[in-house]
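Presented below is the structure to which this report refers.
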Amino acid sequence: MKVCEYQPGLEGIPAARSAISYVNGAEGILEYRGIRIEELATHSNFLETAYLLIWGQLPSPAELESFQQEVRYHRRIKYRIRDMMKCFPESGHPMDALQASAAALGLFYSRRALDNPEYIREAVVRLLAKIPTMVAAFQLMRKGNDPVQPRDDLDYANNFLYMLTEREPDPFAARVFDVCLTLHAEHTINASTFSAMVTASTLTDPYAVMASAVGTLAGPLHGGANEEVIAMLEEIGSVENVRPYVESAIENKQKIMGFGHRVYKVKDPRAVILQELAEKLFENVGYDQYYFIALELERVIEEKLGHKGIYANVDFYSGLVYRHLGIPTDLFTPIFAIARVAGWLAHWKEQLAVNRIFRPTQDYVGEHNRSYVPIEKR
Ligand code: SDX
């Protein structure tokens, strides 16, 4: 057995052999099942991309139609889950609401028939179908309103935006949103995917696996960064304040949200596409000052930190796009989760095929043979 030196954060340590996606951090390349992300963003859509990630091949027209129908059919959630969500505090973060409701799905569906391909397919369809409904339901309920039912006449992106806003979205906005979902769907063994794999390796149910992954994605160093980016742009407030802000952050060793990446040492290819989408949106509906602050921020960071391989990542421009679509800032990470369910499910399925429970070791640095000291003598 090959023994590796301890690496903080398991940096550079392979945790799986996977055929789902590939990242070349030096050249800024991302492929899903061997297809470049630029191709999929241009020609595909999220549900077709989810099929590709999970089953390994692009679906035939009949396979895609059947998959879309199955997802449409399973979008509704049990009324008991809606009733449970009505007890959540309005002030609660939507990621906590999503983690709780994702875990609650497990209460309704037979557990752990993991050797049954039909059970696997049902779990895949249910999670892809119901996660958006639960995100949208909490949004309406925390405003004191009843959630709206999914609309079977709308496709995946249009239906989510409809459930969120109670209005049919502008077709261009829905297309932009769908591309964002594709861009966020999968990214090799990132923290939340690794969390999903570790949970999956104990052969628990897929709903518990998703709940683990949602909880991991929520952190500001991972999926939560997109929400922090908007707060940072608001704090900077003007293009003139960018340089002083960056210089102060670097001096205080403060991480700048939306920049840096464990793997990419050039601009994240997803950030390139998201910036183009942001520009198209702004051309359509007008630029706001945050876009110009973001451009200046990226320029100054490249000047100051580019030599360390610190460039914009996927979270830097995504928030600007979502904000322009009228999505509340604290829903940015739940939307990241809606997309990443596809990647988490792909790795869950791949893991089950070759499963061995994750149980790493440690370098023990503590003491030995200490004596117990009675409380009266401490
Ligand atoms: C995602 O893994 C994935 O694939 C994730 C993701 C996905 O699709 O799943 O791509 C999605 O999570 C994107 C990342 C979103 N997070 C952020 O934007 C938060 C800000 N970024 C950093 O926290 C950081 O860059 C990480 C967490 C993303 C990566 O951190 P690493 O690889 O552990 O790097 P590090 O913290 O060890 O930093 C190395 C050096 C340090 O400087 P030195 O101490 O060596 O002098 O780079 C510096 C860091 O201070 N650095 C930064 C920085 N990121 C790293 N300095 C300022 N701002 C930053 N953002």
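The values are calculated or read from the model by the stated rules, or taken from the named source; none is laboratory data. Note that the coordinates shown come from a computational prediction; the quantities given were computed from them, not determined experimentally. Heads up, the Cβs are rebuilt from the backbone with ideal geometry, glycines too, and the neighbour counts pull from every protein chain shown. Accessible surface areas use protein heavy atoms only, side chains included; no ligands, DNA or RNA. Shrake-Rupley method; radii C 1.70, N 1.55, O 1.52, S 1.80 Å.
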_Leading residue by the ranking (farthest from A104 (Cα to Cα)) among those in the range 144-164 that are touching a residue at least 60 places away in the same chain (Cβ under 8 Å) and surrounded by fewer than 19 Cβ atoms within 10 Å (Cβ to Cβ)_ = D155
_Index of the failed condition, R270 passing every other in (1) near the ligand (Cβ under 10 Å from one of its atoms); (2) farther than 22 Å from A174 by Cβ; (3) under 23 Å from the mean Cα position of the chain (by Cα)_ = (2)
*Matching helices (runs of 4 or more DSSP H) fully within the range 1-80 where at least 3 residues are surrounded by fewer than 18 Cβ atoms within 10 Å (Cβ to Cβ)*: 37-43, 61-73
*What is the number of the single condition among (1) open to solvent by less than 10 Å² (accessible area, probe 1.4 Å); (2) within 15 Å of the ligand (Cβ to nearest atom) that Y311 does not meet?*
(1)
*Members of the range 81-125 that are over 20 Å from the mean Cα position of the chain (by Cα), open to solvent by less than 80 Å² (accessible area, probe 1.4 Å) and closer than 14 Å to D205 by Cα*: G106, F108, Y109, S110, A113, L114, N116, Y119, I120, R121, E122
*All but one of (1) open to solvent by less than 30 Å² (accessible area, probe 1.4 Å); (2) modelled with pLDDT under 95; (3) not small (G, A, S) hold for M141; which doesn't?*
(2)
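Residues checked against (1) assigned by TED's automatic domain parsing to the domain that holds A200; (2) surrounded by fewer than 24 Cβ atoms within 10 Å (Cβ to Cβ); (3) part of a helix (DSSP H, G or I); (4) within 17 Å of the chain's Cα centre (by Cα):
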site: L305; (1), (2), (3), (4): no, yes, yes, no
site: S318; (1), (2), (3), (4): no, no, yes, yes
site: W344; (1), (2), (3), (4): yes, no, yes, yes
site: H347; (1), (2), (3), (4): yes, no, yes, yes
site: T361; (1), (2), (3), (4): no, yes, no, no
site: E367; (1), (2), (3), (4): no, yes, no, no
*asked:* Testing V209 on (1) open to solvent by less than 10 Å² (accessible area, probe 1.4 Å); (2) of a type in the set (A, V, I, L, M); (3) more than 22 Å from the chain's Cα centre (by Cα); (4) more than 23 Å from C180 (Cβ to Cβ), one condition comes back false. Which one is that?
replied: (3)
*Does the range 128-150 contain any residue that is touching a Lys or Arg at 6+ places or on another chain (Cβ under 8 Å), of a type in the set (D, E, K, R) and either closer than 30 Å to G12 by Cα or not assigned by TED's automatic domain parsing to the domain that holds H261 (or both)?*
yes
